[in-house]
Every structure is written in C-alpha cells, then in structure tokens.
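Note sheet for the following structure.
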Amino acid sequence: MTTEELYQELNYVNHSREKRLHYANLVLEKPTLITSLLDILFQVDDKISCRAAWVFEFMCGERLEAAIPHLDQFTMSMHKVYLDPAVRPIAKVCEYLVHAHYSKEHNAMHSALLSRHKERIVESCFDWLIGDHKIAPKAYAMNCLFLLGRDYDWVHPELVLILERDYQMQSSGFKARARHILKKIKSK
C-alpha cells in the first residue's frame, strides 16, 4: 500500500473504536506503513491528519514498540500538530512512551526513549499545558511532565508554578488532575 492509498483508506476512519483498531492493526501488519502514516499525520493543515493521529494512537496502544524506529520522526514533528482532534492522540502517545520508559517492568522503551526524545516531549507538554487546549492533552502533559521531572530537575518547579497559576481559571477536570500531580510532587 502506498502513502496515497493509505491516505484514501483513512477517509473511512471515524471515532469508533472498531474502525480505529482495524486501521491500527492494518498498519501493524505492514510496519512499512508507519512512516507513511506519520507523513500523513504531520500534514497538519489537512483534516485527514487527525484520522492518522487516531490510528497512530491506537497502534501505539496495541504495540508501543512498533513506534521505536519512528521516535525521531514523531518527536521532531509533534510540536507542529495544532488541530484539537489530533493534539489529544499525540499527547496520549507521549504519555504511553513516557509511562513505558519509567515503568518498573522491563521493556524496550527503557533504552529506546533517548534524552533528545524526552526533551522534545517536555517542550511539547509544556506547550500543551499553557496553550489553549482541552483538558485531555493537558492531563496527559501533566502526567508526562511529572515522570520526566525525575530526569530533569527544573521540570517539577515549572510544573508546580504553572499548575498553581492556572488552577483557578481551569475546568474541574484540570483541577482534579492538578491536585493529584501537585500532591505527588510535594510528597516526594
């Protein structure tokens, strides 16, 4: 399947779990399609890019290690994504990557997620946190930044500053997650 054929197939992806999972498995069966999927995902002005983001998120949820050869491509371009339906899955993939990296269970992400990838994730997470985004990417960003603060000592103080500053102006979902993260930071 070519990039153009994959692009055409993505027209059939919708919000249903069934469709996203079907196309995620299609890509996992042919890993050479991952590069094409990411190329489409990072055509950020095209609405189909959001559908590619949904498929990539489901692919990572099913088999995260399939993303390892593409970490440079993903982390170098993720900051370009701005459409809300694509930002949420990108932030979720970052959460998958960071959780796997810091997991106590041995997995390939421990050595695959390099400092350059983590630095790009930190930058994007702070952008999502302070930007005009919905609660989901902000919540994923908080989780990522909490974990990444283990390696970057400046992250937790900045995270606390932002969460405390924005607390009163945000939604109840933001407040609940912020309280949880602040409690974890202060108890360490």
- Message: From the phi angles alone, apply the Karplus equation (6.51, -1.76, 1.60; θ = phi - 60°) to the stretch 31-45 and give each ³J(HN,Hα) in whole Hz, x where the residue is Gly or Pro.
- Response: x, 5, 6, 4, 4, 5, 4, 5, 4, 5, 4, 8, 8, 5, 8
- Item | GNM result for the chain, Cα springs below 10 Å: residue of R165, R51, R20 fluctuating most strongly | R165
- Would you mind giving the three semi-axes, in whole Å and largest first, of the ellipsoid equivalent to the stretch 1-51 according to its Cα gyration tensor? 15, 14, 9
- Have a look at K92, K118, K30 and tell me which one the Gaussian network model of the chain (Cα, springs below 10 Å) gives the largest fluctuation. K30
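Measure up K19/K104; K80/K138; K118/K188 against 25 Å on the Cα-Cα distance and list the ones that go over. Could the numbers behind the result be given before it?
Working: K19/K104 32 Å; K80/K138 16 Å; K118/K188 21 Å.
Listed pairs above 25 Å: K19/K104.
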- Whole number please: convex hull volume per residue, Cα atoms of the stretch 1-106, in Å³. 95
- Please report, as a whole percent, how much of the solvent-accessible surface of the chain comes from carbon and sulfur atoms (probe radius 1.4 Å). 51
- Query: Given a 1.4 Å probe, how much area per residue of the stretch 1-146 is accessible, in Å²?
  - Reply: 47
- Item | Long-range Cα-Cα pairs in the chain (distance over 22 Å), rounded percent | 45
- Note on the structure: Between the residues S49, L28, H106, the Cα farthest towards the positive end of the dipole of the chain, that dipole coming from +1 and -1 charges on the beta-carbon of Lys, Arg, Asp and Glu, is from H106
- Message: Can you tell me which of Q73, Q168, Q43 moves the most in a GNM of the chain? Springs connect C-alpha atoms under 10 Å apart.
- Response: Q168
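Rg to Rh ratio, the stretch 43-89, alpha-carbon atoms and Kirkwood radius?
Details: Rg = 10.5 Å, Rh = 11.0 Å.
With Rg and the Kirkwood Rh in hand, the quotient comes to 0.95.
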- Query: From the backbone phi of the stretch 19-26, what are the Karplus-calculated ³J(HN,Hα) couplings (6.51 cos²θ - 1.76 cosθ + 1.60, θ = phi - 60°) in whole Hz, Gly and Pro given as x?
  - Reply: 5, 5, 5, 4, 6, 5, 5, 4
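Please report the relative contact order for the chain, taking Cα pairs under 8 Å with a sequence separation of at least 6, and give it as a percent rounded to a whole number.
Details: 199 pairs, mean separation 28.2, N = 188.
Rounded, it is 15 percent for the chain.
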- Two-decimal log10 I(q)/I(0) for the stretch 143-188, as the Debye equation yields it once each C-alpha is a single scatterer, q = 0.16, 0.20, 0.21, 0.29 Å⁻¹: -0.38, -0.59, -0.65, -1.11
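Suppose every K and R has +1 on its Cβ and every D and E has -1 on its Cβ; what is the size of the dipole of the stretch 1-154 about the Cα centre, in Debye to the nearest 20? Before the final figure, lay out the partial values.
Numbers: 17 positive and 21 negative charges, 73 e Å.
Charge dipole of the stretch 1-154: 360 debye, to the nearest 20.
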- In order through the stretch 78-92: 3J(HN,Hα) via Karplus (6.51 cos²θ - 1.76 cosθ + 1.60), integer Hz, x for Gly, Pro: 4, 5, 6, 5, 9, 6, 3, x, 9, 5, 4, x, 5, 5, 5
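The values are calculated or read from the model by the stated rules, or taken from the named source; none is laboratory data. Since this is a predicted model, take the numbers as computed values, not measurements. Don't worry about glycine lacking a Cβ; one is built from the backbone with ideal geometry, like all the others, and counts go over all protein chains shown. Only protein heavy atoms, including side chains, enter the accessible area calculation; ligands, DNA and RNA are left aside. Shrake-Rupley method; radii C 1.70, N 1.55, O 1.52, S 1.80 Å.
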